[in-house]
1. Inside the stretch 33-61, can you point out the residues that are within 16 Å of L11 (Cβ to Cβ) and either exposed (fewer than 11 other Cβ atoms within 10 Å of the Cβ) or of a type in the set (A, V, I, L, M, F, W, C) (or both)?
2. Tell me which strands (runs of 3 or more DSSP E) are completely within the stretch 32-88 and hold 1 or more residues being in contact (Cβ under 8 Å) with a residue 60 or more places away in the chain and in contact with a His (Cβ under 8 Å, 6 or more places away or on another chain), or say none if there are none.
3. So, of the residues in the stretch 33-61 that are of a type in the set (D, E, K, R) and more than 16 Å from the ligand (Cβ to nearest atom), which turns out to be nearest to A6 (Cα to Cα)?
4. Among residues belonging to the stretch 62-71 that are away from the ligand (no atom under 15 Å from the Cβ) and surrounded by fewer than 17 Cβ atoms within 10 Å (Cβ to Cβ), point out the one that is nearest to P3 (Cα to Cα).
5. Among the residues of the stretch 1-32, count how many are within 16 Å of the ligand (Cβ to nearest atom), surrounded by 10 or more Cβ atoms within 10 Å (Cβ to Cβ) and farther than 21 Å from F70 by Cα.
Amino acid sequence: MAPLKAPLLELVGTLRDPAVDEPTLTEVHATGTDYWSASAPLAVAAFPYNRCEVWRCSRCRRGFLQYTEFGGYYVDHRLREIDPDLIV
Ligand SMILES: [Zn+2]
């Protein structure tokens with residue numbers, strides 16, 4: 001997936017704590033959810049949300065979280081729309 005960028009998407013900020021070098025890789029889940037679940041909790045202090053940038057659509061104001069994974073041979077941009085009901 002291509003990275004998000006201006007002008008349609010505005011960078012709002014990051015969920016990464018600048019005081020933490022290596023944010024936890026522990027995930028937080030509800031019953032039956034995994035990394036890819038659309039209904040997984042948005043646990044902002046847990047992986048991968050603790051490494052996400054926050055973006056906003058300048059047109060419809062919806063918010064998105066982007067997690068950029070750096071593999072050995074690739075950079076992968078993972079995207080999730082923010083559902084306020086799922087934030088924990
Ligand atoms: Zn939009």
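Just so you know, all these numbers are worked out from the coordinates, no wet-lab data involved. A quick note: this is a predicted structure, and the numbers were derived from the prediction, not measured. In this analysis, Cβ positions are derived from the backbone assuming ideal geometry, glycine residues included, and neighbour counts consider all displayed protein chains.
1. C52, V54, W55, C57, R59, R61, listed by residue number.
2. On the way: elements: 52-57, 63-70, 75-81.
So the answer is 63-70.
3. First pass over the stretch 33-61, keeping only residues of a type in the set (D, E, K, R): 34, 51, 53, 56, 59, 61.
Subsequent filtering for residues that are more than 16 Å from the ligand (Cβ to nearest atom) retains 34, 51, 53.
Details: D34: 30, R51: 20, E53: 14 Å.
Result: E53.
4. T68
5. The qualifying residues number 4.
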